[in-house]
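See below for the structure under consideration.
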Amino acid sequence: MPIPELMAGWQRFRTGRFEQQRELMERIAREGQRPNVLMIACCDSRVDPAIVFDCDPGSLFVVRNVANLVPPCEGAGSYHGTSAGVEFAVSVLGVQHVVVLGHSRCGGIASLLAGPPATEEPMRFVAQWLEIAQEARTAALTPPGLDAIERANLCERLAIRLSLRNLETFPAVRSRIERGQLHLHGWHYDLHGGMLTVLDAATQRFVPVEG
């Protein structure tokens, strides 16, 4: 059964942006996608990368998960959705940039720090997934004197850095970086002010983008 607000939105899209960009829509339908950027983002409903960066359809290949984490490359387990997305974007689409996009007030990071919220059934999938970032949690809990928001903000950034390091465990990623064909980026988006900070590779500090 249709969801009224989504059907209304689709109608606005179909008569608005779709018509305005019909040539683009027909071209990418005909020729396929050729995104230059893989964006690994949180599945938080408040942070849609295509909206935040005002991108046209076909510009971003987006992988979204809880807390925008990237696991290390490994063959254990049964399902590897994020790893499959990385592999496809790098090896098949040939993207030139991979961005790990974190954000403020991240519920996944909050659960990492304090534990998953109480639910009728234990959140075993979320808990197991967040184990990827235990190193970031430990480091974020170490400095004294931080309030809850400051500690969460630190953990969000540490998790981005950890995910970037995990990306380099994928052979296809590492080889393309070594050949100068792929570049990794860590970005953090602030929900309140819309500000963006980016990880400086030399200093390993997040610096604001002017705009």
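What follows is calculated from the coordinates using simple rules that are stated; it is not laboratory data. What you see is a predicted model; the values in this text were computed from it and never measured. Here the Cβ is made from the backbone with ideal geometry for all residues, glycine too, and neighbour counts use every protein chain on show.
Order the peptides 133-146, 12-25, 60-73 from the highest to the lowest mean number of other Cβ atoms within 10 Å of their residues.
Working: 133-146: 14.8, 12-25: 11.7, 60-73: 21.7.
Taking the mean over residues of other Cβ atoms within 10 Å, the ranking is 60-73, 133-146, 12-25.
Ignoring everything except DSSP H segments at least 4 long, calculate the 222 nm mean residue ellipticity for the chain; use -39,500 (n - 2.57) per segment, divide by total residues, nearest 500. Let's see the in-between values first.
Working: 10 runs with 88 residues, N = 211.
Here the helix-only value at 222 nm equals -11500 deg cm²/dmol.
Charging the Cβ of each Asp and Glu at -1 and of each Lys and Arg at +1, and nothing else, the dipole of the chain about its Cα centre rounds to 300 debye. Nearest 10 degrees, 0 to 90: what angle lies between the long axis of helix 148-167 and the longest principal axis of the chain (Cα atoms)? Helix 148-167 sits roughly 70 degrees off the main axis of the chain.
When the Cα centres of the stretch 40-81 and the stretch 157-205 are compared, how far apart do they sit, in Å? Each part's Cα centre sits 13 Å from the other's.
Estimated translational diffusion coefficient (Stokes-Einstein, Kirkwood radius over Cα pairs, 4 °C, 1.567 mPa s) of the stretch 134-211: 93 µm² per second. Once you place label points 7 Å from the Cα toward the Cβ at THR169 and LEU93, how far apart are they in nm? Taking the two extended label points, one gets 2.3 nm. Compute the angle between helix 4-15 and the longest alpha-carbon principal axis of the chain, please, reported from 0 to 90 degrees and rounded to the nearest 10. With both axes taken from Cα atoms, the answer is about 50 degrees.
Using a/c under 1.5 as the rounded threshold, could you call the stretch 1-70 rounded, prolate or oblate? The axes a ≥ b ≥ c are square roots of the C-alpha gyration tensor eigenvalues, and prolate needs a/b larger than b/c, oblate otherwise. The shape class here is oblate. The stretch 1-136 has equivalent-ellipsoid semi-axes of 31, 21, 13 Å, by the square roots of 5 times the alpha carbon gyration tensor eigenvalues, sorted largest first.
Treating r as the C-beta distance of ILE149 and PHE18 and R0 as 30 Å, the FRET efficiency rounds to 0.15. Taking 7 Å steps out from each Cα toward its Cβ at LEU191 and LEU141 produces label points 2.3 nm apart.
Quick check: from the Cα gyration tensor, does the stretch 70-168 come out rounded (a/c under 1.5), prolate or oblate?
Details: a/c = 2.30, a/b = 1.44, b/c = 1.60.
The shape class here is oblate.
Compute the distance in nm between two label points, each set 7 Å from the Cα along the Cα-to-Cβ direction, one at VAL209 and one at MET7. Each label point lies 7 Å from its Cα, and together they span 3.8 nm.
Coupling constants for the stretch 130-138 follow from the phi torsions by the Karplus curve (6.51 cos²θ - 1.76 cosθ + 1.60, θ = phi - 60°), and in residue order they are 5, 4, 4, 9, 4, 4, 5, 4, 4 Hz; glycine and proline get x. If the chain linking ASN36 and GLU74 were pulled fully straight, counting 0.36 nm for each residue of separation and taking away their Cα-Cα distance, it would gain 11.1 nm. With the largest listed first and rounded to whole Å, the semi-axes of the equivalent ellipsoid of the stretch 33-208 from the Cα gyration tensor are 25, 19, 17. Considering only beta bridges that DSSP places wholly inside the chain, some 30 percent are antiparallel.
At a 10 Å Cβ-Cβ cut-off, how would you order TRP187, TRP10, TRP129, fewest neighbours first? Don't skip to the answer; put the middle values down first.
Details: TRP187 22, TRP10 13, TRP129 19.
So the ranking, lowest neighbour count to highest, is TRP10, TRP129, TRP187.
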